[in-house]
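Written out below as structure tokens is the structure these notes cover.
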Amino acid sequence: MPLKLQTLVDYCDRRTRRAAYKDAPGAMNGLQVANDGRVTRIGAAVDAGVVPFREAVAAGVDFLIVHHGLYWEMPRPLTGAAYDRVATLVQGNCALYSSHLPLDGHPQLGNNALLARQIGLKPAKPFLVRDGEPIGCLAPAKGLKRPMLRKKLEALYPRVTAIECGSASPRAIAFCSGSGNSAVPELGPAGVDTLVTGELREEWFNAAQEQGLNLYLCGHYATEVHGVKALAAELAKKFRVPWTFIGTENPL
């Protein structure tokens, strides 16, 4: 029997606890574009865009999971690039499922839990809680000193910016994938001085000096490939369909 689109959508909604997260209005988590109702190949990508959509269609993907969906700037006329995105999906019979904050904060599939586990740490506490739901996580450092933390991150990510004004032996490490601008002010109240994130605004350098913080910037895109990959891999295993990652050369 063909795998039904609605079966995948229902599973993703439950597994990511989509309804529990009060995300930004433009996130519109969940199924954003339908297909003919059947799925034969799953894809994962970080961003909604005409280039990853074309690559997904060319790879035979008919159910694409993204972290950043179509509708951040909606409503807007379906002309130009906006039309090209939707037309590529519809003409290619490729459904689009978006999961933003649910795939940041999930304890198993989330970007932040996976960031911590990448460097051998175990997420222990929620961090950056919004409307009762965690976005990031805290992990005990377990003797991981600052030079080794930096070395591990540089082995995993092509571009790491390290601002090291905090302790040489952090007690714990906070993780916030993507943009960490809202995370920095919460480090002090959480009792930690070390943050692994994707990107930050320029002014946080002074804050790091003044407050004694270690800030590690590994790239917005690069820190948010993990959740979509993990969800796609889980679906593929459970429903016995192939999956593929649609990567881009996004350096940001």
FRET efficiency for K125 and S169, using Cβ-Cβ distance with R0 set to 22 Å, rounded to 0.05: 0.70
Amide hydrogen neighbours beyond the local backbone of V33, cut-off 5 Å, H modeled: L96
Virtual paramagnetic centre 7 Å along Cα→Cβ of R38, amide N under 15 Å, in the range 1-18: 1-7
Residue (of G60, L144, F175) at the positive-pole extreme of the chain, dipole from beta-carbon charges: L144
Computed over the chain: relative contact order in percent, which uses C-alpha pairs under 8 Å that are six or more apart: 20 percent
Rel. contact order, % - alpha carbon contacts under 8 angstrom, at least six apart, the range 1-109: 35 percent
Spatial extent of the range 106-208: Rg and Dmax, with the Cα atoms as the point set, Å: 12.6, 35
Under the Karplus curve 6.51 cos²θ - 1.76 cosθ + 1.60, θ = phi - 60°, whole-Hz ³J(HN,Hα) for the range 116-133, x wherever Gly or Pro sits: 5, 5, 4, 9, x, 10, 10, x, 10, 9, x, 9, 6, 7, 10, 6, x, 10
Long-range HN-HN contacts of S177 with modeled amide H, under 5 Å: N112
The range 209-252 - percent of accessible surface contributed by carbon and sulfur, probe 1.4 Å: 51 percent
Net charge dipole size for the range 125-199 [Lys, Arg +1 and Asp, Glu -1 on Cβ; Debye, nearest 20]: 440 debye
For the range 135-147, 3J(HN,Hα) per residue [Karplus equation, 6.51 cos²θ - 1.76 cosθ + 1.60, θ = phi - 60°, Hz, x = Gly/Pro]: 9, x, 8, 10, 9, x, 6, 6, x, 6, 7, 4, x
Length gained when the stretch S179-F205 is fully extended (0.36 nm per residue, less Cα-Cα span): 7.9 nm
R38 long-range amide H proximity, modeled H, under 5 Å: L5
Cα-derived Rg to Rh of the range 12-98, Kirkwood definition: 0.95
Kirkwood Rh, Cα atoms: Rg over Rh of the chain: 1.00
For the chain, share of DSSP beta bridges that run antiparallel, in % to the nearest 5: 45 percent
Radius, Kirkwood style, for the range 45-175 when every pair of distinct Cα atoms is counted (Å): 17.2 Å
Rounded to 10°, Cα long-axis angle of helix 226-239 versus longest principal axis of the chain: 40 degrees
Whichever lysines have a C-alpha closer than 28 Å to that of K142, once near sequence neighbours (fewer than 8 apart) are set aside: K122, K125, K151, K152, K229
Test item: Cα-centred dipole of the chain, Lys/Arg +1 and Asp/Glu -1 on Cβ, debye: 1040 debye
Note, ³J(HN,Hα) from phi for the range 84-92, Karplus 6.51, -1.76, 1.60, rounded to Hz, x at Gly and Pro: 4, 4, 5, 4, 4, 5, 5, 5, x
Y11-E73 pseudo-label distance in nm [points 7 Å out on the Cα-to-Cβ vector]: 3.4 nm
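The values are calculated or read from the model by the stated rules, or taken from the named source; none is laboratory data. Predicted model only: the values in this text are computed from it and were never measured. FYI the Cβ positions are ideal-geometry reconstructions off the backbone, even for glycines, and counts take in every protein chain you see. These accessible areas exclude ligands, DNA and RNA; they are computed on the full protein's heavy atoms, side chains included. Shrake-Rupley method; radii C 1.70, N 1.55, O 1.52, S 1.80 Å.
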